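To start, the structure itself, in structure tokens.
All of the numbers you see were taken from the coordinates with simple rules; none came from a lab. This is a predicted model, so every value here is computed, not measured. Here the Cβ positions follow ideal geometry from the backbone for every residue, glycine too, while neighbour counts run over all protein chains shown.
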Amino acid sequence: MAMPSFSLALVPLLSLSSACTEQEKTFLLHFLTGLSQDGGLAASWQNGTDCCTWEGITCNENRDVTEVYLASRGLEGHVSPSLGSLKGMLRLNLSINSLSGSLPLEVISSTNIVSLDISFNHLSGELQELPSSIPRLPLQVFNISSNLFTGLFPKTTWGKSRNLVALNASNNRFIGWMPSSFCISAPSFTVLDLSNNQFSGHVPSGLGNCSALKVLKAEYNNINGTLPDELFDATSLEYLSLSNNQLEGTLDDAHINKLRNLIFLNLAMTGLSGKIPESIGQLKRLEELHLEHNNMSGELPRSLRKCTSLTTINLRRNKFQGELANVNFSALSNLRTLDLYSNNFTGTIPESIYSCSNLTVLRLSVNKFHGQLSKRIGNLKSLAYISLTHNNFTNITNALHILKSSRNIKALLIGVNFRHEVMPQDENMYGFENLQVLGIHNCTLSGKLPIWLSKLTQLKMLLLSNNRLTGPIPSWINTLHSLFYVDISNNTLTGEIPTALMNMPMLQKEKAYWDMKYFELGALALLDLSFNNLSGEIPHSTGNLNKAHGS
């Protein structure tokens, strides 16, 4: 039994005694020579050493170079055609560098490369069609995203790539019609990303032949026309995004019903009209629904409650109408974002929404809701952003007392409601410990600047403009050290402008930000005291304030 184990132990020793061929070494050094910045590779890539030991190089047991992995190395220069001559190379990754020039045809037409990733570089020019003499290619993954490629996208090339699984050509400058022949020649084709280009024409009906296609992204192009019926034959689709194009037409009940594997649907800013079809309730796996910035109308389908996996519903800037009570939101326990901004919804906020305990973002502004807030909104313990502006809500005192218990709220925008009511002055109002943005503007509220504002130590933006607030600006205002945006214009405030207000550290900064999971709002530092009855002058020490008005 000793002899076999001895002979097996010799195998790796024998392979280590050999090295990569001089020819492969030459091909790699050609690539190195074409770099103006090599990211320190030259220290490892020495002519007298085995290239299998070089940084970023992987060899097999026969000492053939099988992988060149040089992602994020700060490389500048050109991609050498010699890389396509490495006969054993299966994977080439030059992503996230600053390489320029063209992508050599010799690399694309390699008869060995299975995975080619040159994304996030500065490569440019047109991709050439492969000559008819080139045999079938083993290429499975082709990622050329985030470069500067131009011209028409090759069509015949993909007929030679029967093993192609994923193609990412996003963030380039390709023009012409979307290519669609992948699935005819490559039956296992799964991912197609053509987003952020200049493709035009219609969505190709041939994509419906892609029986294995799971991801289709073509947002931010110039695609027009209606969605072809055949597209909905690609029933394996899990991720479909065609947003920011120039489409038209409606979502048909019979067609959307076919895409029962959909997890992500984004048809925002496409020009779609009509209703959300009732059959959307069949999409049991759907997690994100994005239909914002369209011309869609009608009431929300009751069947939406059946999409129990939903985490995001974004319907802002449409013409939807009716009462939200038609949908039983209590079934949507996974919902985190509900954005219905700028529609024509009416009625009160349905109680079922307060069962969505994971809700982080609730945006119901610019609609026709009315009534008072329910105490049950306190059930939304994860709520971080709530916007109810431009509605007809009443009883601001009740609203603030209810919302103060939601300790995770970072942004509270409730302006253009509570018309002609009185600003609550309750000194014992505690809560809002994490509030960063407070907007109670355009309400014509009377009263004074309440002392409970002084307890909002995290506050960065305060919007109280266009009310009827009276009295002086209180001295405690300068204790809110994080404030960088203050708009209390168009009120009836009196007294001296506090010098301490202008000396607040955050107001000396030119720009500041507040961050949260749903938004990052950036704004120039602002102090607007205009259209009040204040006296005194704005000191020159206000630094880089965007506005500083005291008139």
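Direction-averaged shadow area of the convex hull around the Cα atoms of the stretch 83-212, nm²?
Projected area, direction-averaged: 7.1 nm².
Pairs of Cα atoms under 8 Å, at least six residues apart: use those to get the relative contact order of the stretch 143-236, whole percent.
RCO, the stretch 143-236: 25 percent.
Can you compute the modelled spin-label distance between Tyr69 and Lys155, with each label point 7 Å from Cα toward Cβ, in nm?
3.9
Once you have the Cα-Cα distance between Lys275 and Asn428, take 0.36 nm times their residue separation minus that, and quote the gain in nm to one decimal.
50.3 nm
Output the pairs from Lys306/Lys381; Lys284/Lys306; Lys375/Lys404; Lys155/Lys258; Lys258/Lys284 with a Cα-Cα distance over 18 Å in this structure; if there are none, say none.
Over 18 Å apart, Cα to Cα: Lys306/Lys381; Lys155/Lys258.
How much net charge surrounds Ser98 when only other residues with a Cβ under 14 Å from its Cβ are counted (Lys, Arg +1; Asp, Glu -1)?
-1
Quick one: Phe531, Phe199, fewest Cβ neighbours within 10 Å first, how do they rank?
With the sparsest Cβ surroundings first, the list reads Phe531, Phe199.
So what's the back-of-envelope 222 nm ellipticity for the chain, counting only DSSP H runs of four-plus at -39500 (n - 2.57) apiece and dividing by all residues, rounded to 500?
-2500 deg cm²/dmol
For the stretch 15-65 and the stretch 79-116, write down the distance between their C-alpha centroids in whole Å.
15
Cα convex hull of the stretch 152-206: how many Å³ per residue?
Expressed per residue, the convex hull around the Cα atoms of the stretch 152-206 is 71 Å³.
Over the Cα atoms, compute the radius of gyration (one decimal) and Dmax (the largest Cα-Cα distance, rounded to a whole number) for the stretch 88-136, in Å.
Cα only, the stretch 88-136: 11.6, 33 Å (Rg, Dmax).
For the stretch 371-419, compute the orientation-averaged projected area of the C-alpha convex hull (one quarter of its surface), in nm².
3.0
Using the alpha-carbon atoms, what tilt in degrees (0 to 90, nearest 10) does helix 2-17 show relative to the longest principal axis of the chain?
80
What per residue convex hull volume, in Å³, do the alpha-carbon atoms of the stretch 249-292 yield?
Value for the stretch 249-292: 63 Å³ per residue.
Packing-wise, with mean Cβ within 10 Å as the measure, how do 243-254, 74-85 rank, highest first?
Descending mean neighbour count gives 74-85, 243-254.
Could you estimate the translational diffusion coefficient of the stretch 376-480 from the Stokes-Einstein equation, with Rh from the Kirkwood formula over C-alpha pairs, at 4 °C and 1.567 mPa s, in whole µm²/s?
Result for D is 94 µm²/s.
What is the local net charge at Gly447, summed over the other residues whose Cβ is closer than 10 Å to its Cβ (Lys, Arg +1; Asp, Glu -1)?
So the surrounding residues net to +1.
Considering Cα pairs under 8 angstrom that are at least six residues apart, work out the relative contact order of the stretch 22-89 and quote it in whole percent.
With pairs under 8 Å counted, the relative contact order is 41 percent.
Any idea what the dipole of the stretch 208-367 comes to, in debye rounded to 20, about its Cα centre with Lys/Arg Cβ at +1 and Asp/Glu Cβ at -1?
The calculation lands at about 360 debye.
Compute the relative contact order of the stretch 424-507 as a whole-number percentage, counting only Cα pairs closer than 8 Å that sit 6 or more residues apart in sequence.
28
Please report, in Å, the Rg and the Dmax of the stretch 426-512, where both are computed over Cα atoms only.
12.5, 35
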